[in-house]
Amino acid sequence: MGACSVTPDESKVGTLGHGVFTYDCISAQDPYCPTDALDEQPFPSAIAFGGRFNLTYEPSDATAYPNVAIQAVSADYFVSQGNVFGALRVGNPWFVAFAQDGTALDLTPVKILPIAGVQVTDTSVLPLDVAGTTHTFGAAAMGALGQPLAGEVLFTWSSSDPNVAAIQNPNGEVSPSSSASILLVHSGTATITAATSTAQGAIVLNVESAP
């Protein structure tokens, strides 16, 4: 699935008022961009430490400034490739939009918070946990106040009993997204955990035998 754009609120008009900064999810795995509300979210209030996202800027006079580049004021806050940024530090960095001649057009702050919790949910349409079926689980990074944090985050997925529920991600238990494919193998109980370096969340599955 392609990137989903969110519509910025007034607070994300640049501080100098010369244009608008827009947050884009780099994939559907960013929990901030649910597939049923692609264009209904405001600019995120906070981004997860380690989260990856796309940031663009549209000047009010796009004809006068056709090629705008975005840079973080403190480069050590992010790793970047083009307009895709990955948060390396917790804090309140600023982004600056530069014109092609190097003129600073506008700027905006963002907030990067540590991941304090992880919410794991079964996103499948299947109503029951029955052996022989495959379910998709999603994970969302949460802040200390329980608020969702934006950005695509790398989670490590694990099962307490692979004989009951086995992770089927193509690259094993480490998924570069917030989702995991789980094959329900046999009746029993298993706990599926999604973890980062600072927090984890889990969901308990009670798998039933196939009828």
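The values are calculated or read from the model by the stated rules, or taken from the named source; none is laboratory data. It should be emphasised that the depicted structure is a prediction, and the values quoted were computed from it without experimental measurement. Note that we place each Cβ from the backbone using ideal geometry, even for glycine, and neighbour counts take in every protein chain shown.
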### Query
For Thr108, are the conditions met, namely being more than 15 Å from the chain's Cα centre (by Cα), assigned to a strand (DSSP E or B) and not hydrophobic (A, V, I, L, M, F, W, C)?
yes
### Message
Which of the numbered conditions does Ala99 fail, given that it passes all the others? Conditions: (1) crowded, with 16+ Cβ neighbours inside 10 Å; (2) at pLDDT below 95; (3) in contact with a Gly (Cβ under 7 Å, 6 or more places away or on another chain).
### Response
(3)
### Message
Yes or no: the stretch 140-149 includes at least one residue that is buried (at least 18 other Cβ atoms within 10 Å of the Cβ), more than 18 Å from Gln200 (Cα to Cα) and at pLDDT 90 or above.
### Response
no
### Summary
When every residue in the stretch 125-139 that is exposed (fewer than 14 other Cβ atoms within 10 Å of the Cβ) and free of Cβ contacts under 8 Å to residues at least 60 places away in the same chain is compared, the one farthest from Gln71 (Cα to Cα) is Pro127
### Query
Taking the stated definitions as given, is Leu105 outside the structural domain of Ser181 (by TED's automatic domain parsing) and surrounded by fewer than 22 Cβ atoms within 10 Å (Cβ to Cβ)?
yes
### Task
Report the residue count in the stretch 8-56 for those that are within 13 Å of Pro148 (Cβ to Cβ), part of a loop (DSSP other than H, G, I, E, B) and at pLDDT 85 or above.
4
### Query
Do any residues in the stretch 51-63 that are in contact (Cβ under 8 Å) with a residue 60 or more places away in the chain and not assigned by TED's automatic domain parsing to the domain that holds Leu154 have Cβ atoms under 6 Å from those of residues that are assigned to a loop (DSSP other than H, G, I, E, B) and crowded, with 19+ Cβ neighbours inside 10 Å, where the two are at least six apart or on different chains, and which pairs are they?
Gly51/Gly151; Gly51/Val153; Arg52/Ile26; Arg52/Gly151; Phe53/Gly151
### Message
When you scan the stretch 169-183, do you find a residue that is touching a helix residue (DSSP H, G or I) at 6+ places or on another chain (Cβ under 6 Å) and not in a strand (DSSP E or B), even just one?
### Response
no
### Query
Is it the case that Asp122 is under 16 Å from Thr193 (Cα atoms), in contact (Cβ under 8 Å) with a residue 12 or more places away in the chain and in contact with a His (Cβ under 7 Å, 6 or more places away or on another chain)?
yes
